[in-house]
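Okay, structure first, notes after.
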Amino acid sequence: MPDIDATVRRGHPILFGLLAVIGIIEGAITSWLVRQYQHGENSYPNSSFRDRLRFAVFTSWWTVVFSVLYMVLYLMGIGGIFTSIASHTIWLALTWVFWLAVAASITSMLGGGYVCSHSDLVYCNQNVAAEAFAWIEWIIMTFTLIAAILLGYRAMRGGGSATDRIGA
């Protein structure tokens, strides 16, 4: 039987680092788009673009801050409620909903499957990139959430509690 704790010790920093990196990419793209639409020569095509891109900016930087925080606290071995399985699962579930909303709303905003060569949308490629990275982040978040739920189940079944530290 594989050593789950060793897998978690290796996997936690990798997954949370990946969440942070993709969050930085998405945050950079959407922050740039918001800046260009607000202060550039071209304004938002409609208020839907404005609201959805701003929510994407928020969700991106929210993910970066908390992913890095969880990763640093985990690597430092700091215990307590903030590094517990329950804390991870609650944050992941909330952030999973945010990313689903971001990815779906950007997809809807672009009409899904947007082809920029047949479009007059300003910053089309950047909008499509924001859509792609939002879905990538959501997929990674989904796998991470599933892992946290399974770890919580394992801890509860093994006589522990959801407040146990991840990988302990």
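Annotations for the structure displayed:
- Considering the conditions (1) open to solvent by less than 30 Å² (accessible area, probe 1.4 Å); (2) touching a Ser or Thr at 6+ places or on another chain (Cβ under 6 Å); (3) over 16 Å from Val8 (Cα atoms), Ser84 is excluded by exactly one of them, (3).
- For region 97-114, taking the residues that are surrounded by fewer than 19 Cβ atoms within 10 Å (Cβ to Cβ) and among the hydrophobic types (A, V, I, L, M, F, W, C), the one that is farthest from Ala6 (Cα to Cα) is identified as Ala104.
- Of all the residues in region 38-58, those that are part of a helix (DSSP H, G or I) and in contact (Cβ under 8 Å) with a residue 60 or more places away in the chain number 4.
- Exactly one residue out of Ser60, Ser48, Ser43, Ser31 is of a type in the set (S, T, N, Q) and under 15 Å from the mean Cα position of the chain (by Cα), and it is Ser60.
- Condition met for Trp91 (open to solvent by less than 20 Å² (accessible area, probe 1.4 Å) and out of contact with any Pro (no Cβ under 9 Å at 6 or more places or on another chain)): yes
- Restricting attention to region 115-161, the residues being within 30 Å of Gly17 (Cβ to Cβ) and open to solvent by 50 Å² or more (accessible area, probe 1.4 Å) number 16.
- Applying the condition of being open to solvent by 20 Å² or more (accessible area, probe 1.4 Å) and without any contact (Cβ under 8 Å) to a residue 60 or more places away in the chain to region 18-33 and asking which residue is farthest from Phe133 (Cα to Cα) yields Ser31.
- Consider region 35-73 and keep the residues that are among the hydroxyl-bearing types (Ser, Thr, Tyr) and modelled with pLDDT under 95. The one that is surrounded by the fewest Cβ atoms within 10 Å (Cβ to Cβ) is Ser47.
The values are calculated or read from the model by the stated rules, or taken from the named source; none is laboratory data. Keep in mind the model is a prediction, meaning the values are calculated, not measured. Cβ sites come from the backbone with ideal geometry, for glycine too, and all protein chains shown count toward neighbours. Side chains included, ligands, DNA and RNA excluded: accessible areas come from the protein's heavy atoms. Shrake-Rupley method; radii C 1.70, N 1.55, O 1.52, S 1.80 Å.
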